[in-house]
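K.L.:
I'd like to ask you about the structure that follows.
What follows draws every value from the coordinates through simple rules; no lab data is involved. This one's a predicted model, so the numbers in the text were calculated from it and none came from an experiment. Glycine also receives a Cβ, built like all others from the backbone with ideal geometry; neighbour counts cover every protein chain displayed.
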Amino acid sequence: MQYDKKVRYDSKLDLIVLLDQVRYMATRARENELRAYGLTLIQAAVLRLLRDSADGATLQEISSVVTRETNSVSSLISRMQDKGLVKKQRTKQGNGIRVLITEKGKHVYNESVDRTLLSMLLSVLSDEEQKELYGLLQKLKGKASVLLEAQYKPPFLSL
């Protein structure tokens, strides 16, 4: 079967399929990079969030950023704590827990951010195109979030 190199856009479905294909390939590449550090994508995302937050984050805040359910994040944080990447600390009011990155977590994250593969992937886009793509993907993420929260059901499913 001959691969057609022509750019084509026949439907919204083609766009979603293409978006999923790019996400899948980029994710696999990053997973391969992170595996050398014993990290998963979600763990790296949590470490990045905590590294950038002086006072850590609650499970709900982490859940919101990584778009996972709070109970899943709780299990994830426990596994990361077992690895020595994060620690839990009671809030000053004593009614909650904040998650903080440890020195080991900072070290592992900093070592893992060698983004040569991602830089190579994005090198086909100019800086302006990268910013535009980021903005467009943020728009799509926002709309998807609203639709998921509203438990949107397409009209053809309400038969």
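K.L.:
Any idea how far apart Asn71 and Glu111 come out in nm if each label point goes 7 Å out from Cα toward Cβ?
P.N.:
Roughly 3.5 nm, to one decimal.
K.L.:
What translational D, rounded to a whole number of µm²/s, comes out for the chain from Stokes-Einstein when the hydrodynamic radius is the Kirkwood one over Cα pairs, at 20 °C and 1.002 mPa s?
P.N.:
Estimated diffusion coefficient is 116 µm²/s.
K.L.:
Still on this model: Show which aspartates and glutamates lie in cross-link reach of Lys139 when reach means a straight Cα distance below 18 angstrom and same-chain residues fewer than eight apart are skipped.
P.N.:
Asp20, Glu128, Glu129, Glu149
K.L.:
With a 10 Å cut-off between alpha carbons and a GNM built on the chain, which of Arg28, Arg90, Arg98 moves the most?
P.N.:
Most flexible of the set in this elastic network: Arg90.
K.L.:
What residue among Glu132, Glu69, Glu33 shows peak mean-square fluctuation when the chain is described by a Gaussian network model with Cα springs under 10 Å?
P.N.:
Highest fluctuation among the options: Glu132.
K.L.:
For a test of understanding, tell me how many lysine pairs in the range 12-114 have Cα atoms under 26 Å apart, given they are 8 or more places apart or on different chains.
P.N.:
Taking the Cα cut-off of 26 Å, the pair count is 9.
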